[in-house]
1. Within region A:249-271, how many residues turn out to be more than 28 Å from the chain's Cα centre (by Cα) and either modelled with pLDDT of 90 or more or small (Gly, Ala, Ser) (or both)?
2. Considering B:ALA181, B:ALA172, B:ALA201, which residue is crowded, with 21+ Cβ neighbours inside 10 Å and under 16 Å from the mean Cα position of the chain (by Cα)?
3. Condition (residue is free of Cβ contacts under 8 Å to residues at least 12 places away in the same chain and assigned to a helix (DSSP H, G or I)) applied to region A:96-103: is it met by at least one residue?
4. Inspect all residues belonging to region A:135-153 and state whether any of them is assigned to a helix (DSSP H, G or I), farther than 22 Å from A:LYS26 by Cα and among the charged types (D, E, K, R).
5. Return the only residue of B:LEU237, B:LEU183, B:LEU248 being in contact (Cβ under 8 Å) with a residue 60 or more places away in the chain and touching a helix residue (DSSP H, G or I) at 6+ places or on another chain (Cβ under 7 Å).
6. Just checking, which of A:LEU132, A:LEU225 is surrounded by 11 or more Cβ atoms within 10 Å (Cβ to Cβ), within 30 Å of B:ALA175 (Cα to Cα) and aliphatic (A, V, I, L, M)?
7. Restricting attention to region A:115-129, does a residue exist that is within 28 Å of B:PHE107 (Cβ to Cβ), surrounded by 15 or more Cβ atoms within 10 Å (Cβ to Cβ) and under 18 Å from the mean Cα position of the chain (by Cα)?
8. Looking only at region B:64-90, which residues are of a type in the set (A, V, I, L, M, F, W, C) and touching an Asp or Glu at 6+ places or on another chain (Cβ under 9 Å)?
Amino acid sequence: MTLAPSALDRYIDSKSPVHALDARVKLLLTLACILALGLLPPGAWAGIATIATILWWAVLRARIGLGLVMRRAFVALPFALVALTLVFSRPGVPLLRLPLGPLTLTATDAGLIAFASVLVKSWLSVQAALLLTATTHFTDVLHALRALRLPAVLVAILSFAYRYLFVLVDEAQRMLRARECRSAELPGQRPGGSIVWRATVVGQMVGTLFLRSYERSERIYVAMLSRGYSGELRALHHRPLSRREQGLLFVGGGILAAIVFLTYVAGGGPR
Amino acid sequence: MLDLAEPHTDQPAPTVAMLELRGLHYTYPDGTPALRGVSLRVCAGEKVALVGPNGAGKSTLLLHLNGVLRAPEGAVLVDGAPVADTTIRQVRARVGLVFQDPDDQLFSPTVFDDVAFGPLHMGLGEAEVRERVARALAQVGMAGFERRMPHHMSLGQRKRVAIATVLAMDPALLALDEPSAGLDPRARRGLVQLLRDLPQAMIVSTHDMRLVAEVFPRMVVLAEGQVAYDGPSAPFLADSALLERYGLERP
């Protein structure tokens with residue numbers, strides 16, 4: 001494997017109550033957690049803090065470094081920066097005026113709260129997803145998706161992508177290495193080739209990679225045909241969830257729903 | 001000197017061969033002829049090596065055995081019945097084709113899923129599928145690898161699992177494309193042992209003359225899309241002039 005292993009990968013095979021949970025339960029609870037975070041109105045700090053506490057408790061139960069999960073979750077922050085416009089577009093008490101040529105940007109308190117909420121909520125959502133992926137093999141997530149009635153074709157696309165991502169990366173790295181090995185320079189001689197030529201080489205490499213992948217896909221299809229594939233994807237049935245697992249789903253979902261509900265009741269509806 | 005004009009086999013051929021090719025012609029879509037009149041009979045349990053230089057048509061021939069490619073001229077008969085649209089599903093259960101690159105053969109995220117693919121598509125029940133997967137993996141010495149991912153395994157291991165994916169379908173004939181290519185000596189030894197132990201008839205394309213000498217009593221030499229020799233391996237492999245003529249080397 002040549003893909004740089006994520007720091008979280010080494011937790012995948014450790015033992016903990018969270019690792020031992022069925023992937024379907026984990027997947028549903030993760031989705032419920034993200035949904036609950038999304039439903040909380042801006043500035044519902046009590047609700048957000050409660051969900052964060054539950055999430056961090058689960059991270060600790062999984063014996064994964066909490067700090068590591070928090071730091072890794074920052075990867076999504078650049079996307080959350082899109083919400084920066086909220087600071088200037090929400091009506092509210094003006095805090096700051098930024099003259100910008102003919103326009104004046106006005107930062108409001110409501111806007112600032114909305115922006116901070118989006119930031120914190122997305123950060124926590126990514127942490128929930130990280131907890132799922134750090135404690136569950138991707139193949140189990142695929143099985144869980146299948147069990148939760150995601151269309152078979154979508155699951156198949158995901159599983160092929162996962163299977164061949166590594167093959168493709170290996171192939172690309174071999175090509176890059178081969179290019180590097182022949183990218184020599186003579187002492188005292190300017191390296192040859194124009195920028196255009198170099199760009200052409202890179203373009204051709206991408207093209208070659210595509211063609212190879214395309215040809216491989218045909219071979220894979222033939223391999224599938226050879227084993228009786230006829231256009232319909234089949235999988236083994238899944239064992240039903242146990243009472244305990246159903247109970248856990250019920251309790252977890254209930255707590256999250258209660259947090260959202262109480263927030264709306266206490267806050268008198270969304271602001 | 002061996003008689004080259006008349007292909008012959010040692011054992012008397014029974015009336016219905018497990019596999020029979022009759023005057024197979026095939027031309028690639030770009031016009032290059034690949035097979036030019038190939039005829040061949042393989043009986044149950046017979047182990048046949050398919051040798052010849054690159055481009056002689058070995059892989060193309062193998063792809064005809066389970067109907068992936070259909071020759072416009074000539075016929076492929078499995079258990080005496082010609083390969084046609086109506087029989088194709090049964091043919092694919094009888095003839096297990098294993099590709100050279102296990103990354104093509106193993107397309108599922110885990111070993112279990114991959115070995116279960118064939119049995120599942122044959123419409124078998126869950127218990128039967130699980131039993132067949134366990135048996136096939138045990139046969140190739142890969143029991144306990146069910147949850148592993150193919151890209152985390154060595155080439156030798158992946159080749160073994162690739163063979164298990166068709167063994168799970170319980171075929172009568174195995175068609176393997178260069179199974180020993182790229183293997184280290186230890187993995188190669190294991191493969192030789194495995195091929196010897198498997199009871200199925202097999203037709204195996206290879207450049208590995210030592211493999212031929214060790215496993216296959218009968219060999220078929222393909223040259224320019226035609227059968228140049230079909231007979232016992234030992235005398236052919238001992239004849240330097242013949243080996244030289246077909247670009248092969250002494251084991």
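1. Of the residues in that region, 5 qualify.
2. Details: B:ALA181 fails: crowded, with 21+ Cβ neighbours inside 10 Å; B:ALA172 fails: crowded, with 21+ Cβ neighbours inside 10 Å.
On inspection, the qualifying residue turns out to be B:ALA201.
3. Filtering region A:96-103 for residues free of Cβ contacts under 8 Å to residues at least 12 places away in the same chain gives A:96-103.
Okay, now just the ones that are also assigned to a helix (DSSP H, G or I), so none.
Looking through region A:96-103, none of the residues is free of Cβ contacts under 8 Å to residues at least 12 places away in the same chain and assigned to a helix (DSSP H, G or I).
4. At the first step, the residues of region A:135-153 found to be assigned to a helix (DSSP H, G or I) are A:135, A:138-147, A:152-153.
If we keep only those that are farther than 22 Å from A:LYS26 by Cα too, we end up with A:153.
Subsequent filtering for residues that are among the charged types (D, E, K, R) retains none.
Checked against the condition, which is being assigned to a helix (DSSP H, G or I), farther than 22 Å from A:LYS26 by Cα and among the charged types (D, E, K, R), region A:135-153 yields no hits at all.
5. Values: B:LEU237 fails: in contact (Cβ under 8 Å) with a residue 60 or more places away in the chain; B:LEU183 fails: in contact (Cβ under 8 Å) with a residue 60 or more places away in the chain.
When all the criteria are applied, what remains is B:LEU248.
6. Working: A:LEU132 fails: within 30 Å of B:ALA175 (Cα to Cα).
Exactly one residue qualifies, and that residue is A:LEU225.
7. Taking region A:115-129 first, the residues within 28 Å of B:PHE107 (Cβ to Cβ) are A:129.
Now restrict to residues that are surrounded by 15 or more Cβ atoms within 10 Å (Cβ to Cβ): A:129.
Narrowing further to those that are under 18 Å from the mean Cα position of the chain (by Cα): A:129.
There is at least one residue in region A:115-129 that is within 28 Å of B:PHE107 (Cβ to Cβ), surrounded by 15 or more Cβ atoms within 10 Å (Cβ to Cβ) and under 18 Å from the mean Cα position of the chain (by Cα).
8. In the first step, residues of region B:64-90 are kept if they are of a type in the set (A, V, I, L, M, F, W, C); the result is B:65, B:68-69, B:71, B:75-78, B:81, B:83-84, B:88.
Answer for region B:64-90, where residues must be of a type in the set (A, V, I, L, M, F, W, C) and touching an Asp or Glu at 6+ places or on another chain (Cβ under 9 Å): B:ALA75, B:VAL76, B:LEU77, B:VAL78.
The values are calculated or read from the model by the stated rules, or taken from the named source; none is laboratory data. Computed from a predicted structure; not experimentally measured. Glycine also receives a Cβ, built like all others from the backbone with ideal geometry; neighbour counts cover every protein chain displayed.
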